[in-house]
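Undergrad: Provided herewith is a single structure, encoded as structure tokens, for subsequent inquiry.
Taken together, the values in this text are just the output of simple stated rules run on the coordinates, not laboratory data. Computed from a predicted structure; not experimentally measured. Positions of Cβ are generated from backbone atoms using ideal geometry, with glycine treated the same way; all protein chains shown enter the neighbour counts.
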Amino acid sequence: MTITLLPMPPAAEGGDLVAYLNGHMSSIRPALDLDVSWAYIRAVVDDVRVIAAERGERTVRITYEYDYSAHCACKNLDATDTQTDHLTCELRDGSLVLPHFVPVERSTVDEF
């Protein structure tokens, strides 16, 4: 399993923690489940942001939102939406352990 270690400021909580995490989105993004294929085969993620974070003794629970859109050939079939999800990560030696998200492999049989 691939992980990223993100150093955490010791006193950051609440809004400060959310701002810190949003400032390090390039490190956090690989750990997030941003698979939007369930919405539409052409859907893409447009934006991701942390909206809340709760720091425990050994964990951080991150609540994030992502906007996605699907642009189709027919103008009236374009779609946009926002989803919210959560990620709980371990705090280890002053760093946030971010395991890279690996989507479940699917096959055509799963679709039937």
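Undergrad: Rounded to the nearest 500, what is the 222 nm mean residue ellipticity of the chain from helices alone, with -39500 (n - 2.57) per DSSP H run of 4+ residues and division by all residues? Present the calculation step by step, with values, prior to reporting the outcome.
TA: Details: 2 runs with 14 residues, N = 112.
Taking each H run of at least 4 residues, the total per residue is -3000 deg cm²/dmol.
Undergrad: I've got another one for you. Amide H of L96 versus every other amide H placed in the peptide plane: which residues, excluding those fewer than 5 positions away on the same chain, fall under 5 Å?
TA: L6, M8
Undergrad: Let me ask something additional. Residue by residue through the range 54-65, what is 3J(HN,Hα) from phi via Karplus (6.51 cos²θ - 1.76 cosθ + 1.60, θ = phi - 60°)? Round to whole Hz and write x for glycine and proline.
TA: For the range 54-65, the Karplus curve yields 10, 9, x, 5, 10, 9, 10, 9, 9, 9, 10, 10 Hz.
Undergrad: Given H placed 1.01 Å from N in the peptide plane, which residues other than close sequence neighbours of A53 have an amide H under 5 Å from its amide H?
TA: T63
Undergrad: Within 10 Å of each candidate Cβ there may be at most 15 other Cβ atoms; applying that plus a DSSP loop requirement, which GluC sites (Glu not before Pro) in the range 3-65 survive?
TA: Working: sites: E13, E54, E57, E65; in loops: E13, E57.
Loop-located and lightly packed - E13, E57.
Undergrad: For helix 14-23, report the angle its Cα long axis makes with the longest principal axis of the Cα atoms of the chain; keep it between 0 and 90° and round to the nearest 10°.
TA: Roughly 60 degrees, rounded to the nearest 10.
Undergrad: Tell me the trypsin sites (Lys or Arg not before Pro) within the range 30-112 that lie in a loop according to DSSP and have at most 16 other beta-carbon atoms within 10 Å. The partial results should precede the final answer.
TA: Details: sites: R42, R49, R55, R58, R61, K75, R92, R106; in loops: R42, R58, R106.
Loop-located and lightly packed - R42, R58, R106.
Undergrad: Expressed in whole Å with the largest first, what are the equivalent ellipsoid semi-axes of the range 3-101 derived from the C-alpha gyration tensor as the square root of 5 times each eigenvalue? Display every interim value, and only then the final one.
TA: Details: eigenvalues 186, 32, 19 Å².
They are 31, 13, 10 Å, listed from largest to smallest.
Undergrad: Quick one: among S69, S27, S37, which has the greatest mean-square fluctuation in a GNM of the chain with alpha-carbon springs under 10 angstrom?
TA: S37
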